[in-house]
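Since the structure comes first, as structure tokens, the remarks are kept for the end.
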Amino acid sequence: MKSGITVEQSYDAAGEWCLHIHKKRGTLSLEEIRQAAMEYEQDFYMLMIKAIDEDLSQYYETDDVDGDFVTLYRAGDFYKWREK
């Protein structure tokens, strides 16, 4: 895995498993995201990205995160959730 990129599993507010990929400096590329996820655990993932400007950032708790980050969900879990 590239230096400066960390991967951590977690659970979101609804209790769903997710994978966080964080890059301390610069912007994550799609290839870096794919590579980091593949090295963590090979699976099919769905991607959630932070795509908000500074005006809306006041409504989200992201002050503790420097750099770029994404959250991945297992695709199979998403489809199970959708069937509920």
Next on the checklist: Cβ contacts < 6 Å: first residue farther than 19 Å from A75 by Cα, restricted to the range 10-33; second residue among the small types (G, A, S) and surrounded by 14 or more Cβ atoms within 10 Å (Cβ to Cβ), any location; separation 6+ or different chain. Result?
Outcome noted: K23/G67; K24/G67; R25/G67
Next on the checklist: If I go through the range 1-45 residue by residue, how many of them are part of a strand (DSSP E or B), more than 21 Å from W81 (Cβ to Cβ) and touching a Lys or Arg at 6+ places or on another chain (Cβ under 7 Å)?
Outcome noted: 1
Checklist entry - Of the residues in the range 48-84, how many are assigned to a helix (DSSP H, G or I) and at pLDDT below 70? => result 4
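The values are calculated or read from the model by the stated rules, or taken from the named source; none is laboratory data. The shown structure was predicted, so the numbers you read here are calculated from the model rather than taken from an experiment. Because the Cβ atoms are built from the backbone with ideal geometry, glycine has one as well, and the counts that use them run over all protein chains shown.
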